[in-house]
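Written below as structure tokens is the structure these notes are about.
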Amino acid sequence: MRKNIVAGNWKMNLNLQEGVALATALNEALKDKTVNCDVVIGTPFIHLASVVNAVDTTKIGVAAQNCADKASGAYTGEIAASMIASTGATYVILGHSERRAYYHETAEILKEKVLLALANGLTPIFCIGEVLEEREAEKHFEVVKSQIESSLFDLSAEDFGKIVLAYEPVWAIGTGKTATAAQAQEMHAFIRETLVAKYGKDVADNTSILYGGSCNASNAKELFSNPDVDGGLIGGASLGVDKFMPIIEAF
Ligand code: 13P
């Protein structure tokens, strides 16, 4: 059966020392605890190797927030999936709406990134989600379906089985405006049906679908209690152990 996952996305926050301190403190907080979900932290690239060393990676998975759409070579400033894997990180967040909107990542580019992540043994946490105008125009299901189809549906069932999805309605990211538990469940159930139609019930049932967008200690329990919400991708509330731990413990 699918895993519950609480993943932090630090975005472009915390310098190296602050990041290692946060990872160390989270590691300490989780040391003698049994929790009912996998815990992941998504750090800036330059923190990855140090954060991997600072945590017990059997308890905390480490994620990059992006990877290049090329394997290696003359791509100044880019970071390859193989380089991420070489740090000991095991996940990579791909297709975040901030990457799509600000860095013009298209479905085609994301397709390449997913393939490279998988080829290097990384688990993609693949983000999808509509903007406010799309929801208001009642196009949110269509948009999300198309984001999944266009970047992921050329994968074999075996490879698709390695993907974690994160539904992040763009209007809920960093706005303090969360999708209601009913809105989240409705979309997650729709996503799972879409997966059933393409890959069958087993693959769909085994795919973790996380919710992201102003998820915090006070709403996590209600969101996670929905049958198709398998955890969260947490931005702001992952930047402190005091805020992140209660979300982990919501399971
Ligand atoms: P917030 O939790 O800050 O709204 O961010 C969500 C997000 O974008 C996680 O990837």
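With the Cα gyration tensor of segment 163-251 giving a ≥ b ≥ c as the square roots of its eigenvalues, does the rule (a/c under 1.5 for rounded; else a/b larger than b/c for prolate; else oblate) give rounded, prolate or oblate? Could you put the intermediate results ahead of the total?
Working: a/c = 2.20, a/b = 1.81, b/c = 1.22.
Prolate is the answer for segment 163-251, as a/c is 1.5 or above and a/b outweighs b/c.
Between D205 and K70, what FRET efficiency comes out of the Förster formula 1/(1 + (r/R0)^6) with R0 = 22 Å and r the beta carbon distance, rounded to 0.05? Calculated value: 0.05. Packing order of peptides 96-105, 205-214, highest average first: 205-214, 96-105 (average count of other Cβ atoms within 10 Å over each peptide's residues). Charged neighbours of N226, selected by a Cβ distance under 13 Å, balance to -2 (K, R count +1; D, E count -1).
Carbon and sulfur: what percent of segment 128-251's accessible surface (1.4 Å probe)? Carbon with sulfur: 50 percent of the solvent-accessible area.
Using a probe of 1.4 angstrom and keeping all protein chains present, the accessible surface of the chain works out to 44 square angstrom per residue. Provide the FRET efficiency to the nearest 0.05 for the K198-A137 pair, computing r from the beta carbons and using R0 = 41 Å. About 0.95, to the nearest 0.05.
Which of the three applies to the chain, rounded, prolate or oblate, going by the alpha-carbon gyration tensor with a ≥ b ≥ c and a/c under 1.5 meaning rounded? Mind showing how you got there, number by number?
Values: a/c = 1.45, a/b = 1.11, b/c = 1.31.
It comes out rounded by the Cα gyration axes.
Only protein atoms count toward the accessible area here, which uses a 1.4 Å probe; on segment 25-110, the carbon and sulfur part of that area reaches 53 percent.
Quick check: the distance between the Cα centres of segment 152-209 and segment 82-112, to the nearest angstrom? Value for the Cα centre distance between the two parts: 17 Å.
For segment 87-218, the relative contact order works out to 25 percent when only alpha carbon pairs closer than 8 Å and six or more residues apart are counted. Report the paramagnetic label zone for N226: residues of segment 133-156 whose backbone N is under 13 Å from a point 7 Å from Cα along the Cα-to-Cβ axis. It comes to 141, nothing else. Near G61: Cβ cut-off under 14 Å, other residues only, Lys/Arg at +1 and Asp/Glu at -1. The net charge is +1.
What does the charge add up to near K111, with Lys and Arg as +1, Asp and Glu as -1, over the other residues with Cβ less than 10 Å from its Cβ? Mind dumping the intermediate values first?
Numbers: positive: K113; negative: D69, E108, E112, D154.
Net charge in that neighbourhood comes out at -3.
Going by accessible surface with a 1.4 Å probe and the largest first, W171, W10 read W171, W10. Judged by the ratio a/c of the largest to the smallest principal axis of the C-alpha gyration tensor, segment 1-140 counts as oblate, that ratio being 1.5 or greater while a/b is no larger than b/c.
Among 225-238, 66-79, 145-158, how do they line up from the highest to the lowest mean number of other beta-carbon atoms within 10 Å?
Numbers: 225-238: 22.4, 66-79: 14.1, 145-158: 16.1.
The peptides rank, most packed first, as 225-238, 145-158, 66-79.
Roughly what percent of Cα-Cα pairs across segment 70-142 reach past 19 Å? Cα-Cα pairs in segment 70-142 separated by more than 19 Å: 42 percent.
The values are calculated or read from the model by the stated rules, or taken from the named source; none is laboratory data. Because the structure is a prediction, the values reported are computed rather than measured. When we count neighbours, we look across all protein chains shown, and the Cβ atoms used for this are built from the backbone with ideal geometry, even at glycine. All accessible areas refer to the heavy atoms of the entire protein, side chains included, with ligands and DNA or RNA removed. Shrake-Rupley method; radii C 1.70, N 1.55, O 1.52, S 1.80 Å.
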